[in-house]
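Since every read-out is calculated from the coordinates, none of them should be taken as a lab result. Predicted model only: the values in this text are computed from it and were never measured. Cβ placement follows ideal geometry from the backbone for every residue including glycine, while neighbour counts extend to all protein chains displayed.
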């Protein structure tokens, strides 16, 4: 027996590098590594040569220079005298703003549509199917541009709000929906305003604490504690009490017509609104399909088993169907969020100044620092997507079915 | 018993009553509507809301569509003809259809070439998409890239012929040496093809204008044609690359594996638009000074990289879905890595991943519109640029966008319907 497993004796031959399985993988990897190094050094050599020929160097010094352009939608203070770095930060915040807003609305619309598509109502389910198919099969860029065009064409201009025979009016005297963008009241925090906010957050935490306490009691002692009305009370009473006790420290600044435009309040430009809306309804069509697939993936036997245990329909949904459906829905849902964030880079088509518009658009064109700008741009998106993947993996591990 | 009963009562029916039709509310359309539309107060509200939405949509769009003007030479003329009535100005489509489909610069008298290329494309993909089509057609599929290239870009027929010849020479050399050494055959094939192309380059240079179509430079391509070209070329190129990447990511060789993982995750983590920026402004820095190859080719390279990363992930899913036993069975038959992949694993894994690949293809085709952002005149670029900016048609949004939506919807919806059809076919196989 030993003679069979004897290693082949004799001296090492060169052909063993390819034909002997012990060495072959090493050979291939070495070749791959050498090719990779060769490719990169060729690219790097070209880069150095080209940069020298063009009289350029690789440096991020331009980020400290004044940007000299204006950004009309921003979350933080910024003037045209601010640096390119500041402009990029404004862009990052704008990207995150539209991504977060878009993810929230897309989830809401997507869940509603996905559930309605499963409804028994023939007309509604067909209508939802048409919506999903139309939005999934047309490029998001076209939807962004179309919705921008619709917003500008359909909504009234600020001048329509003027005069006695105004053709448009503000909703509840505080919201104005115009073709230029939406105006909403801005909360102004007086002294003590933050205390009200803190109390509000504390009472939200309190509501969750109450829920946990009730569940614990239920499991430990079998006692059912009603949490609905205490929760509602906890939500409103302490905050309102503190608000009036402190003498109304938070006031609202209403947008008002001044000249040809509105002044004051929160202003969201039409580019932000249409980008947000377009990304939401486009992504919602995909999310609706995920939700539908997730609910269909829970086998009918589960529902029937729960029903035969005597659970009511609401409880069946909450305790049996949803926990299993969510396990199927959430991973593709999160990758849809990732897609939405990446698609938000199309903001450049409607002039919304996200990171692609500032760093990858005007800064790149003004300074001519193409490599540095694009590299920074890619790093940012890569960081976001890696972060979202990490969250997804953590979630998958948390809800993974623990098989025995 | 029955007798006594019969005597006791005045009348007993001795024949069956004829069957009555079911009550009106339990039959036909009424029953269907009751069950499907009005089966409760909540459902009724939903139905009414849906009816209202459909009514609003139709009442808005139907008069606009039916009252449309199909013959006019500018928006102003259109408005004159309409004279205040509701109606779309579809004349922009009848007047500018050629720009929407082929771009501004493509020579007018050569439109038959891309059209023919498109029809031949349908013939070429038929045997790939429908397993029942005659296998002989695959020969045409293999020839199509060269035919399509010649039809669209024009020039002498020797250019695509030399390209084809290179592949043929490479294949023949490979077949000769394959028996002795697989790797040696592959290396010899590459060398043979390169030599053929290098030598053929002189022939093509000399034979300029022999059996030639009017040459069309890449920058003259545009319109929906450009979307179709980018979509088809990038998907077909990214399939083999995607398979290699997926195999690399699954492989036991750590260096190869990490190269593939980094490439895939990097490409999937950045938006396509940043890759297009790279094609547009950065790629030139990484090439030898003086190389100047055109934007369409650079864009094709970047989109292909993008698509192959996504396809690699789809195929990796297919590879992972195969039962472990298939790999072990291949090993126990004594097949080496290449054989087991080629004969056992890939045919099954690819079959599983076809729906995913089709999804990527649809997504990629939609993403080809992004090239309009780096100022190439595809369909979207065409509408936003030359047409909406022209004095005649400034302001015709709805008609143009509806046309674009319609075209993309038709193509993408048919592809996704095809994928669902194929999924059903494959399911039947497994049963």
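Below is a table of values for the structure above.
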quantity	calculated
Whole-Å semi-axes of the range B:293-413's equivalent ellipsoid (Cα gyration tensor)	45, 16, 8
Per-selection Kirkwood Rh - the range A:254-365 (Cα, Å, 1 d.p.)	17.7
Full-extension gain in nm, residue A:69 to residue A:246, via 0.36 nm per residue minus C-alpha separation	59.4 nm
Near-label residues of the range B:151-180 by backbone N, under 12 Å of a point 7 Å along Cα→Cβ of residue B:199	B:166, B:169-170
Using alpha-carbon coordinates, inclination of helix B:158-178 to the longest axis of chain B, degrees	80
Zero-based 5 Å bins, Cα pair distances in the range A:174-232, whole percents	4, 14, 14, 12, 11, 11, 11, 9, 7, 5, 2, 1
Separation between Cα centres of the range B:285-304 and the range B:7-22, rounded to whole Å	91
10 Å Cβ neighbours from other chains, averaged over peptide A:343-350	4
Percent of beta bridges antiparallel (DSSP, the protein assembly as shown, rounded to nearest 5)	90
Between helix B:137-153 and chain B: long-axis angle, C-alpha atoms, 0 to 90°, nearest 10	70
Computed FRET value (nearest 0.05) for residue B:120 with residue A:122, which takes r as the C-beta separation and R₀ as 51 Å	0.75
The range B:2-66, Cα convex hull volume normalised per residue, Å³	162
Globularity ratio of the range B:155-213, using Cα Rg and 2.2 N^0.38 Å	1.31
Förster radius 45 Å - calculated FRET efficiency between residue A:304 and residue A:198 (Cβ-Cβ, nearest 0.05)	0.40
Pairwise FRET efficiency - residue A:186 versus residue A:152, Cβ, R0 = 25 Å, nearest 0.05	0.55
Kirkwood hydrodynamic radius over Cα pairs of the range B:117-247, then Stokes diffusion coefficient at 4 °C and 1.567 mPa s, in µm²/s	77
Viscosity 1.002 mPa s, 20 °C: Kirkwood-radius Stokes-Einstein D of the range B:264-351 over Cα pairs, µm²/s	137
Cα-projected label distance for residue B:81 with residue A:317, points at 7 Å along beta-carbon direction, nm	5.3
Computed log₁₀ I(q)/I(0) - Debye formula, equal Cα scatterers, no solvent, the range B:108-152, q 0.20, 0.32 Å⁻¹	-0.60, -1.09
Principal axis box of chain A, alpha-carbon based, largest edge first, Å	100, 74, 48
Cα-based Rg and Dmax for the range A:16-91, where Dmax is the largest Cα-Cα distance (Å)	23.5, 68
Estimated Rh, the range B:59-143: Kirkwood, alpha-carbon pairs, angstrom	16.3
Debye intensity ratio I(q)/I(0), log10, chain B, q values 0.10 Å⁻¹ (C-alpha model)	-0.94
Semi-axes of the equivalent ellipsoid for the protein assembly as shown, Cα gyration tensor, largest first, Å	50, 41, 35
Using distinct alpha-carbon pairs, which all enter the 1/r mean, Kirkwood radius of the range A:77-155 in Å	15.7
